[in-house]
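Notes follow the structure.
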Amino acid sequence: MNEHAVFKTCELLHATHARPIAVFHEGGEPQRIFSSFLGFAPVFEAISRRAGEENVSLVSGVAGLYGAVRLRENKLLVVTGPFVNKPLDDAVFDALIHDYGLAWEGKDALKQFLLSLPRRSLNVFLNFLALLDFLFNGEEISILHYFENFAPAIRQEMGERHTDAILREEEFTHGTYAIEQQLLSYVSAGDETGLKAFLQEIAGKQVLFEGKLADDTLRQSKNIFNGWISMVGKVGAIRGNLDIEQTYRLIDLYTQECERCTTVSEVNNLRYSSLMDFTRRVAELKHPAAYSEDVYRALQFIKTHTNQPIGVPDVLEAVGKSRSYFMEQFKKETGETIGKYIVKAKLQEAKQLLAYSDRSLSEISNFFFFSSQSYFQNLFKKQFGVTPLEYRRKHHKE
């Protein structure tokens, strides 16, 4: 896409989504700014410099979060935002003017501009970034990508975790009981892959929305975190056989780290880093380093494609191995053939849907591409000793 097409696309996106967008050359020179308030240009310039210097896709500013997308073909940087994640008051407006050198006489126009920005969920903002990546780079980016190197200071201070972060709204912790229980089940199972897929699914469908902001948003976030980390540790991790003393030490560690956070974004980042950390620790207990790299890749491929009609040839293609060699290696390390393991993985995921969703048996059967509902029911009973409906009723009673 040439520069003219980039500028025109940004212009149309701004017109349809009412989101400010700025385009810069990689050297930092501003090329175009599409905004109802051109006095915001110094803020965009500062954000673009930080995005370039820190090599990140998300930048936290005074008024909220900004997204940055690098266009490889044109060596351009597209910046959008802010996503407002705090109450807007005179203190915020004054800080913007002071920190970014804006004109004081333009304060009223600045207030009008920020207060007129669309107040949508964080998911919508992140999916807008994914749309930019798709339009300009032709890549289908998961919104999880945008947190790989967000808030690096937290990762450095808690390097023991080595976790992947995902940012979600405050309302996530106060979601439905079913979603909460399904999430904890992934922690207890040590299923990192399933957890990431689950978080991505609910993020992409936007089933959760932001709640009303409290007077002290940062304090609210920390209070939510304290309840969150206790639940993940005591309910999820301990149920997954993580050592009780170790669990309580981690809860204390994360609680102390949370109190050192100075922004809502840092708390959110820490919350989901802690989630992945607990899940990974449980996984290490359940799955010691007994798999070769090729078999591990095959297992990960199967777990992330349970809702697709995959078979042995797809797994072999994913790991790039021949049938005769790899089939024997896989069974030696897992005790199962690839075909049986695929079925078991699908049935295990089906248990989650039976327990935590209201999908019908036919919907679940179709979701996992079983040939028929009766075939699914027979396989389920053979694997778990009860029919799918019996499992659902038993779980709901509990």
Practice problem: Taking amide H positions as placed in the peptide plane 1.01 Å from N, state which residues far from L76 in sequence (5 or more) or on other chains have amide H under 5 Å from it. | Solution: L71
Quiz item: What are the residues whose amide H is under 5 Å from the amide H of G61, where those residues sit 5 or more places off or on another chain and H is modelled from the backbone?
Solution: Y66
Self-check item: Under Karplus coefficients 6.51, -1.76 and 1.60, residue-wise ³J(HN,Hα) of region 320-327 in Hz, glycine/proline x
Solution: x, 10, 7, 4, 4, 6, 6, 4
Practice problem: Would you pull out the residues with amide H under 5 Å of Q31's amide H, same chain only if 5 or more places away, H placed 1.01 Å from N? | Solution: V23, F24, H25
Practice problem: List K394, K351 from most exposed to least, where exposure is judged by having the fewest other Cβ atoms within 10 Å. | Solution: K394, K351
Exercise. Tabulate in residue order the Karplus-calculated ³J(HN,Hα) for region 261-278, using 6.51 cos²θ - 1.76 cosθ + 1.60 with θ = phi - 60°, rounded to whole Hz; enter x for Gly and Pro.
Key: 5, 10, 9, 4, 4, 5, 5, 4, 4, 5, 4, 7, 5, 5, 4, 5, 5, 4
Quiz item: In angstroms, what radius of gyration and Dmax does region 12-148 have, counting Cα atoms only?
Solution: 14.2, 43
Self-check item: 37 °C / 0.692 mPa s Stokes-Einstein diffusion coefficient of region 277-398, Kirkwood radius on C-alpha pairs, µm²/s
Solution: 210
Quiz item: In whole Hz, what ³J(HN,Hα) sequence does region 238-254 give by Karplus (6.51, -1.76, 1.60; θ = phi - 60°), x for Gly and Pro?
Solution: 5, 4, x, 6, 5, 3, 4, 5, 5, 4, 5, 5, 5, 4, 5, 4, 5
Quiz item: Over 28 Å between Cα atoms, which of K321/K351; K75/K111; K75/K107; K344/K394; K196/K222; K332/K394 qualify?
Solution: K321/K351; K75/K111; K75/K107; K332/K394
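Read-outs throughout are calculated quantities, based only on the coordinates presented, and are distinct from any laboratory measurement. It should be emphasised that the depicted structure is a prediction, and the values quoted were computed from it without experimental measurement. Glycine gets a Cβ as well: all are built from the backbone with ideal geometry, and neighbour counts include every protein chain shown.
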